[in-house]
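Here's the structure, in C-alpha cells; my notes come after.
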Amino acid sequence: MAVQTPSTSTDDVLSLIRPAVRNESEYLVDAPGPPDVKLNQNESPFDLPDDLKEELLESFSKVKFNRYPTEQPNRLRRALAEHDDVPPESIIVGNGSNEITYTFGLAFLEAGSPMVLPRPMFSLYGKVARLQDADLTEVPPNEDFTFDVDGLVDAVRETDARLTILATPNNPTGHALTLAEIERVADASPGVVVVDEAYVEFNDAPSAIQLIDDHPNVMVLRTLSKGFGLAGLRLGYLIARPSVVTELMKARLPFMVDRFAEQTALAVLDRPRLIEERVHQMQVSITEVTEALKKMEAVDVVPSDANFVIFTTPHPADEVQDRLADRGVLVRNMGGYPELEGYLRVSAGTRAENKAFLTTLEETL
C-alpha cells in the first residue's frame, strides 16, 4: 500500500502565522538555577504570613473546582473599588495587568493605528503595538532618563495617537511623572492615555485616578504583584469610565480570574496595615541599597521612586551579572534597552538579601 505524503508541511503551517508574531521573541527572564538571593524581577521579598496562608488553605478546600468563577470577580471588584474610592463599574480585574495590556491591543489598535510610548519602558507595550501592526512612535528620555514630557505632548499631537501609555514610576528607570505632567499629555491627546501605576505604592505623588472624572480618555492600570506581594497569583486591574469598561469587556477572554486568587486578594486587602508595613520596608530597603551603591567607587546610580534601582559599574554589565549569578545573586542586565546599555537593575530585598548583594558586588568589583 502506498504511503500518502501529507499535503502540508510544518513550514507551510508556520508560514500561516502572521509575520508580526513570528518576528517577536518569547518573554523570558534569564534565571539560572534556584538562586540564594533573587533581586531581578521587582518582586516583593515578602511572602504572605503563615497564619494567613493557613486561613487561605482552609478556604481553598471549600472552593468548588467543578464550577466556573464569575466572569468578573465581583467581591474583589467591590473591595478594589472601596480601596481606590471609585465605583465598582469602573473596574476590570484581570489575570495580571499584562493580560489587560493585550486587551488594549485588541480594543484600540489595528494595522497602522498611531501609538506613542516613552522610551525606555516595559517591553511588553512595544510588543503589543508590533503584534497589532500599529504605527509606533517612541519618545526618547532626557539625558538623566526622566520623561521628555514636551516630546510626548508633541508626539501625541503630531501622530493623532489613538493609544498612549505612560508608566509612573517607570520600569526600568524608576522615574515618576507628576500629575500635572500626565494631565498635559492627556489634554494634548486625541486618543486614550493609559497610566500604568504598577509601582504606585512606592511613590508619594498623587494617583492619576484623580484625572478620570475630567478626562474620559484617561485609564489607570494597577497590579497586586508589587506592593501587595501577589506576583504568583497574577492579579491586575484597570480603572476607567464605566461606559469604557463595558466596551473593553467585549474584547476580553472570559473567566480569567480564579476563585482562589480572588479569595487571597480579598484577605490581603482586609489587612491594610500589613501592606503599609511591607511597602515601607521596601522603601527603606531600596533607599539603603541606593546609598550603599553611591559609596562604591566608580558606581553610578539613578535615583528611583520604585522598589528597584538601576546602576552602572566600571565593568560590562553582562560580566557583572554572570559573576553575581555564579554566587547565587540574581540582578537584571538592562542592556536590552538601547539607552541602558551597561546598566544593571536590582530590586529591594530583605536586609539579609541586600547585604548579600552588596557584599558580593563589592567583591566582584
request  = Specify which of the listed residues (81, 134) is of a type in the set (A, V, I, L, M, F, W, C), at pLDDT 95 or above and within 30 Å of residue 266 (Cα to Cα).
outcome  = 81
query = Applying the selection to the stretch 109-123, what residues are assigned to a loop (DSSP other than H, G, I, E, B), closer than 28 Å to residue 341 by Cα and not basic (Lys, Arg)?
reply = 120, 121, 122
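Quick test for you: out of 89, 143, pick the one residue that is outside any helix (DSSP H, G or I) and among the charged types (D, E, K, R).
Just a single option satisfies the conditions, and that option is 143.
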Members of the stretch 218-243 that are among the polar types (S, T, N, Q) and surrounded by 19 or more Cβ atoms within 10 Å (Cβ to Cβ) = 223, 225
note = Per the list (1) assigned to a loop (DSSP other than H, G, I, E, B); (2) more than 21 Å from the chain's Cα centre (by Cα); (3) in contact (Cβ under 8 Å) with a residue 24 or more places away in the chain, residue check on residue 213 breaks on (3)
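The rows are residues; the columns are (1) in a helix (DSSP H, G or I); (2) within 18 Å of residue 83 (Cβ to Cβ); (3) over 13 Å from the mean Cα position of the chain (by Cα).
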site: 165; (1), (2), (3): no, no, no
site: 182; (1), (2), (3): yes, no, yes
site: 209; (1), (2), (3): yes, yes, yes
site: 245; (1), (2), (3): yes, yes, yes
query = Can you tell me which of 82, 43, 54 is in contact (Cβ under 8 Å) with a residue 24 or more places away in the chain and of a type in the set (Asp, Glu)?
reply = 43
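Quick one: is residue 292 part of a helix (DSSP H, G or I), within 16 Å of residue 96 (Cβ to Cβ) and in contact with a Leu (Cβ under 8 Å, 6 or more places away or on another chain)?
It is false that residue 292 is part of a helix (DSSP H, G or I), within 16 Å of residue 96 (Cβ to Cβ) and in contact with a Leu (Cβ under 8 Å, 6 or more places away or on another chain).
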request  = Looking only at the stretch 169-179, decide whether some residue is crowded, with 23+ Cβ neighbours inside 10 Å, outside any loop (DSSP other than H, G, I, E, B) and either of a type in the set (Gly, Ala, Ser) or more than 15 Å from the chain's Cα centre (by Cα) (or both).
outcome  = no
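I'm trying to understand the selection: among the residues of the stretch 339-359, which are under 17 Å from residue 316 (Cβ atoms), in a helix (DSSP H, G or I) and not charged (D, E, K, R)?
Passing the criteria: only 340.
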key: the stretch 154-168, residues that are over 25 Å from residue 307 (Cα atoms) and crowded, with 20+ Cβ neighbours inside 10 Å   = 155, 156, 161, 162, 163
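This table checks each residue for (1) on the phi > 0 side of the Ramachandran plot; (2) of a type outside the set (S, T, N, Q); (3) modelled with pLDDT of 95 or more.
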site: 98; (1), (2), (3): no, no, no
site: 140; (1), (2), (3): no, yes, yes
site: 147; (1), (2), (3): no, yes, yes
site: 151; (1), (2), (3): no, yes, yes
site: 154; (1), (2), (3): no, yes, yes
site: 164; (1), (2), (3): no, no, yes
site: 184; (1), (2), (3): no, yes, yes
site: 193; (1), (2), (3): no, yes, yes
site: 196; (1), (2), (3): no, yes, yes
message = If I filter the stretch 131-138 for residues that are closer than 23 Å to residue 42 by Cβ and either out of contact with any Phe, Trp or Tyr (no Cβ under 6 Å at 6 or more places or on another chain) or of a type in the set (A, V, I, L, M, F, W, C) (or both), do I get at least one hit?
response = yes
request  = Give 134, 167, 161, 129 a once-over and let me know the one that is in contact with an Asp or Glu (Cβ under 7 Å, 6 or more places away or on another chain) and assigned by TED's automatic domain parsing to the domain that holds residue 192.
outcome  = 167
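Matching residues to (1) touching a residue at least 60 places away in the same chain (Cβ under 8 Å); (2) under 23 Å from residue 105 (Cα atoms); (3) polar (S, T, N, Q):
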{"residue": "163", "(1), (2), (3)": "no, yes, no"}
{"residue": "179", "(1), (2), (3)": "no, no, no"}
{"residue": "191", "(1), (2), (3)": "yes, yes, no"}
{"residue": "217", "(1), (2), (3)": "no, yes, yes"}
{"residue": "220", "(1), (2), (3)": "no, yes, no"}
Per-region count, the stretch 39-66, residues at pLDDT 90 or above, of a type in the set (D, E, K, R) and not in a helix (DSSP H, G or I) = 2
task = Test residue 331 against the stated conditions and say whether it is over 30 Å from residue 138 (Cβ atoms) and either in contact with a Ser or Thr (Cβ under 7 Å, 6 or more places away or on another chain) or at pLDDT 95 or above (or both).
result = no
remark   = The residue from 277, 262 that alone is assigned by TED's automatic domain parsing to the domain that holds residue 76 and assigned to a helix (DSSP H, G or I) is 262
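The values are calculated or read from the model by the stated rules, or taken from the named source; none is laboratory data. Remember, it's a predicted structure, so these values are computed and weren't measured experimentally. Virtual Cβ from ideal backbone geometry, glycine too; neighbours counted across all protein chains shown.
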